[in-house]
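Accompanying notes for the structure given below.
The values are calculated or read from the model by the stated rules, or taken from the named source; none is laboratory data. Worth saying up front: this structure is predicted, and the values here are computed from it rather than measured. Using ideal geometry, Cβ is built from the backbone for each residue, glycine included, and neighbour counts are taken over all protein chains shown. Note: areas computed on protein heavy atoms with side chains; ligands, DNA, RNA excluded. Shrake-Rupley method; radii C 1.70, N 1.55, O 1.52, S 1.80 Å.
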Amino acid sequence: PEGDFCPLCTLPIPLRLDEHSALNICCMKRVCRGCDLAARKRGMEDCPFCRSPRPAGDADELAMIQARVAKKDPVAINLLGQKYIFGELGLQKDTRMAVKLWEEAAEIGSIDALFNLGLAHERGEGVKQDMAEGAEFYKKAAMQGHVKSRNNLGCLEGQQGNFNRAVRHFLISAKMGNKNSLEIIQKIFMAGHATKEQYAQALK
């Protein structure tokens, strides 16, 4: 997905995204740690992408997110949903509001929102638990390159005993850099549910 590339150096951001990049609340652009560090070394404490001042606290951060939400920014709408699910930035925890925001974000292009809707339906958070519906959201996100969704599809297939289908999902997510998928393939191989060739393919 487009969001996996730093908008400054245009290089792909390695997984995990939160470890190798920082999301700037002011413009909702995810900048790699290298570009962020380079900007700070030059004495720039503001956003390295749009040059806006960084939020001064929770209230400031929430106001910035809400300003982007008002502009129908799918990244911001998805993020606000995450703040509601955990009750952060002074917001009261509200799982139903989180789901409503994710549905809105997904409609206007947020792949992360599709993943979050998959989690919500799988766990029954803010909606009635529905594993099949959760899988559908994961599929929609996975088809657009969402690595965690692909990994979770493998987990759901594995829980149902469909190890061949599970391994196919894990192979895709492992090749995209998901270490968890690689570890799961190893366990499936050790349990005798994956072939030597499949395990070797995951290690490439």
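Segment 73-130 and segment 159-204 have Cα centres lying 29 Å from one another. For residue 30, the amide hydrogen comes within under 5 Å of the amide hydrogens of 24, counting only partners 5 or more places away or on other chains and with H modelled in the peptide plane.
Computed on the Cα trace of segment 79-199, the radius of gyration divided by the Kirkwood hydrodynamic radius gives Rg/Rh = 1.05. Between residue 91 and residue 11, the distance separating the two model label sites (each 7 Å from Cα on the Cα→Cβ line) works out to 3.3 nm.
Here the Karplus curve 6.51 cos²θ - 1.76 cosθ + 1.60, taken at θ = phi - 60°, turns the phi angles of segment 184-189 into couplings of 5, 4, 4, 5, 5, 5 Hz, with x standing for Gly and Pro. What is the chain by shape, rounded, prolate or oblate, if you read a ≥ b ≥ c off the alpha carbon gyration tensor as root eigenvalues and call it rounded for a/c under 1.5, prolate for a/b larger than b/c, and oblate otherwise? Cα axes put the chain in the oblate bin. Taking 94, 73, 58 in turn, the Gaussian network model of the chain (Cα-Cα springs below 10 Å) assigns the largest fluctuation to 58. The label-point distance for residue 71 and residue 123, in a model that sets each label 7 Å from Cα toward Cβ, rounds to 3.0 nm.
Solvent exposure of the chain, expressed per residue, is 57 Å² of accessible area, with all protein chains present and a 1.4 angstrom probe. Look at the alpha carbon pairs under 8 Å that are at least 6 residues apart: their mean separation over the length of segment 57-96 gives a relative contact order of 34 percent. For residue 5, nonlocal amide neighbours, meaning residues 5 or more places apart or on other chains whose placed amide H falls under 5 Å from its own, are 13. 3J(HN,Hα) along segment 151-162: 4, 5, 4, x, 4, 5, 5, x, 5, 8, x, 8 Hz, from the Karplus curve 6.51 cos²θ - 1.76 cosθ + 1.60 with θ = phi - 60°, whole Hz, x for Gly and Pro.
You can think of it this way: the chain between residue 179 and residue 203 has 7.6 nm of extra reach, that is 0.36 nm per residue less the Cα-Cα gap. Counting only protein heavy atoms and a probe of 1.4 Å, the accessible surface of segment 59-103 is 50% carbon and sulfur. Apply the a/c threshold of 1.5 to the C-alpha gyration tensor of segment 92-162 and tell me whether it is rounded, prolate or oblate. Oblate shape, in that a/c is at least 1.5 and b/c is the bigger or equal ratio.
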